[in-house]
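The values are calculated or read from the model by the stated rules, or taken from the named source; none is laboratory data. Just so it is clear, the model here is predicted, and its values are computed rather than measured. In this analysis, Cβ positions are derived from the backbone assuming ideal geometry, glycine residues included, and neighbour counts consider all displayed protein chains.
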């Protein structure tokens with residue numbers, strides 16, 4: 001058994017396919033041939049049977065035969081007639097007997113007058129017998145019919161038969177054409193099997209099973225081991241490949257479940273378009289709440305396009321780091337500006353003291369002692385969550401450098417947030433809204449932010465007003481779509497119009513909403529409702545019951 005398996009593995013795939021198909025062809029041809037021969041043999045017997053019955057019945061009704069039974073020597077009249085009929089009908093014998101089984105005719109005249117060697121009981125009982133028996137001439141296929149007298153009584157029988165040897169000879173004589181047809185069919189099957197084997201080998205590029213298995217294992221290891229997401233579609237825009245990294249980036253639980261489905265049903269519309277069009281230039285695409293860098297290309301086999309492939313890189317964390325860096329830079333610039341202001345203040349105080357005007361120095365210190373932009377949020381203005389307060393503080397410093405006033409609504413209230421995921425979502429929303437508002441304002445503009453968790457139990461409401469140009473009423477429905485922006489290009493930003501899209505998608509994922517309206521100052525007012533998880537609203541729930549809505 002092991003030897004057989006080893007031989008099977010040592011054969012090439014083409015040889016295995018050829019042998020398997022040849023075996024199938026031969027079994028089919030032999031089975032068909034045997035069935036055809038059995039049918040032909042049965043039809044041959046049926047034809048002889050019908051002929052023998054017709055001959056026997058016609059002889060049994062001949063007047064000359066019936067009249068001869070009353071003669072002194074019936075065989076003198078019956079034997080010549082029986083021989084003529086035998087020769088004319090191409091049977092081996094025609095034997096006529098009386099009711100006692102005594103022969104009146106026989107191919108061998110010496111047997112006339114003798115009793116038949118087989119039992120004549122069935123025909124003498126008035127029935128027809130058909131079967132194979134062995135008589136004086138040998139084994140034969142025979143028919144026996146009764147001969148009825150004028151009164152309806154049985155007065156004898158007619159036995160007509162043909163030797164089994166003659167039947168076999170006739171059968172074998174007709175097999176030549178059948179065997180030739182079977183040989184041609186077998187040859188055509190073998191040739192066709194060889195051709196099919198060659199076609200299959202070409203389709204699989206002449207690879208052996210072990211090579212195919214090794215390539216598949218290597219492909220799977222590479223696809224699911226790399227960190228970049230890979231999505232491939234065929235020429236009918238159906239997904240044919242998605243690795244684990246792509247499934248993670250796109251939020252697909254089971255990559256196998258999307259194979260064969262249209263790419264438009266699996267991916268966001270923008271990403272589906274980029275993947276299907278095989279955009280070769282690296283493009284930033286928003287998928288869900290993730291910012292992806294997509295690079296595509298066409299797949300060609302033998303010079304023919306068979307689909308496209310896209311490589312996805314996650315830029316979400318990089319964008320978050322860039323935002324944090326931007327905030328840190330803004331904070332550093334604010335500190336540097338305050339350091340410069342503080343240095344100027346010290347110079348004024350020093351000059352007043354050198355002039356001996358102590359009262360003027362004290363009055364000057366009291367007048368400017370309130371500090372700069374950073375100190376104005378020392379009490380966090382009701383924002384109990386450290387990260388959110390730090391973000392507002394950093395954005396305020398950046399706005400101060402741009403000569404924009406960022407004001408925190410005095411009725412703002414936010415308890416410390418325990419859920420890290422919800423805190424990240426809140427920081428994302430607040431950061432994007434403030435960036436959008438600051439960019440919308442011109443020199444000397446004003447931004448106002450209010451954060452409340454005490455209006456609705458378990459819901460944090462963020463509201464940001466600016467005095468910029470606002471959002472036209474006919475564009476308010478589309479302002480949250482990707483690439484929709486009223487601002488011009490900004491240095492360092494490859495793409496605009498995704499911040500508000502992320503805000504709405506974060507809100508929608510949490511079960512809230514994001515809307516835009518006209519602010520009292522004439523600009524835009526963005527309002528976002530963020531339902532918090534249960535773990536994050538224990539403290540806010542208490543605040544909602546004890547603080548009256550403003």
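In segment 62-80, which residue that is assigned to a helix (DSSP H, G or I) and touching a residue at least 24 places away in the same chain (Cβ under 8 Å) is surrounded by the fewest Cβ atoms within 10 Å (Cβ to Cβ)? Result: 66. Determine, yes or no, whether residue 465 is within 21 Å of residue 394 (Cβ to Cβ), touching a helix residue (DSSP H, G or I) at 6+ places or on another chain (Cβ under 8 Å) and in contact (Cβ under 8 Å) with a residue 24 or more places away in the chain. Yes, satisfied.
Does residue 56 satisfy the criteria of being assigned by TED's automatic domain parsing to the domain that holds residue 135, assigned to a helix (DSSP H, G or I) and at negative phi? Judged against the criteria, residue 56 is a match.
Residues that are touching a strand residue (DSSP E or B) at 6+ places or on another chain (Cβ under 9 Å) and in a loop (DSSP other than H, G, I, E, B) within segment 411-433 comprise 411, 412, 415, 417, listed in sequence order.
The set of residues in segment 108-121 that are under 20 Å from residue 66 (Cα atoms) and buried (at least 17 other Cβ atoms within 10 Å of the Cβ) comprises 112, 116, 120.
The single residue among 399, 390 that is modelled with pLDDT of 65 or more and touching a strand residue (DSSP E or B) at 6+ places or on another chain (Cβ under 7 Å) turns out to be 399.
Just a yes or no: is a residue in segment 434-448 buried (at least 21 other Cβ atoms within 10 Å of the Cβ), part of a loop (DSSP other than H, G, I, E, B), on the phi < 0 side of the Ramachandran plot and at pLDDT below 90? Yes, because at least one residue in segment 434-448 is buried (at least 21 other Cβ atoms within 10 Å of the Cβ), part of a loop (DSSP other than H, G, I, E, B), on the phi < 0 side of the Ramachandran plot and at pLDDT below 90. Any residue that is modelled with pLDDT of 85 or more, surrounded by fewer than 17 Cβ atoms within 10 Å (Cβ to Cβ) and touching a helix residue (DSSP H, G or I) at 6+ places or on another chain (Cβ under 8 Å) - is there at least one of those in segment 156-170? No: segment 156-170 contains no residue that is modelled with pLDDT of 85 or more, surrounded by fewer than 17 Cβ atoms within 10 Å (Cβ to Cβ) and touching a helix residue (DSSP H, G or I) at 6+ places or on another chain (Cβ under 8 Å). Based on what the data block shows, is residue 221 more than 44 Å from the chain's Cα centre (by Cα) and farther than 30 Å from residue 131 by Cβ? The answer is no for residue 221.
Selection of segment 406-419 for residues being under 17 Å from residue 394 (Cα atoms) and either crowded, with 16+ Cβ neighbours inside 10 Å or in contact with a helix residue (DSSP H, G or I) (Cβ under 6 Å, 6 or more places away or on another chain) (or both) yields 406, 408, 409. Here segment 515-533 is the region considered, the condition is being within 19 Å of residue 481 (Cα to Cα) and without any contact (Cβ under 8 Å) to a residue 60 or more places away in the chain, and the residue that is surrounded by the most Cβ atoms within 10 Å (Cβ to Cβ) is 516. For segment 225-243, the condition holds for no residue, the condition being that it is in contact with a helix residue (DSSP H, G or I) (Cβ under 6 Å, 6 or more places away or on another chain), assigned to a helix (DSSP H, G or I) and surrounded by 12 or more Cβ atoms within 10 Å (Cβ to Cβ). Tally time: how many residues in segment 250-260 are touching a helix residue (DSSP H, G or I) at 6+ places or on another chain (Cβ under 9 Å) and in a helix (DSSP H, G or I)? Final tally of qualifying residues: 3.
Listed by position, the strands (runs of 3 or more DSSP E) inside segment 267-339 whose residues that are at pLDDT 65 or above, farther than 22 Å from residue 250 by Cβ and outside the structural domain of residue 499 (by TED's automatic domain parsing) number at least 3 are 304-314. Restricting attention to segment 456-478, the residues that are outside any loop (DSSP other than H, G, I, E, B) and surrounded by fewer than 22 Cβ atoms within 10 Å (Cβ to Cβ) total 7.
For segment 81-138, filtering for residues that are part of a loop (DSSP other than H, G, I, E, B) and over 12 Å from residue 159 (Cβ atoms) leaves 10.
Considering the conditions (1) modelled with pLDDT under 75; (2) farther than 22 Å from residue 299 by Cα, residue 204 is excluded by exactly one of them, (2).
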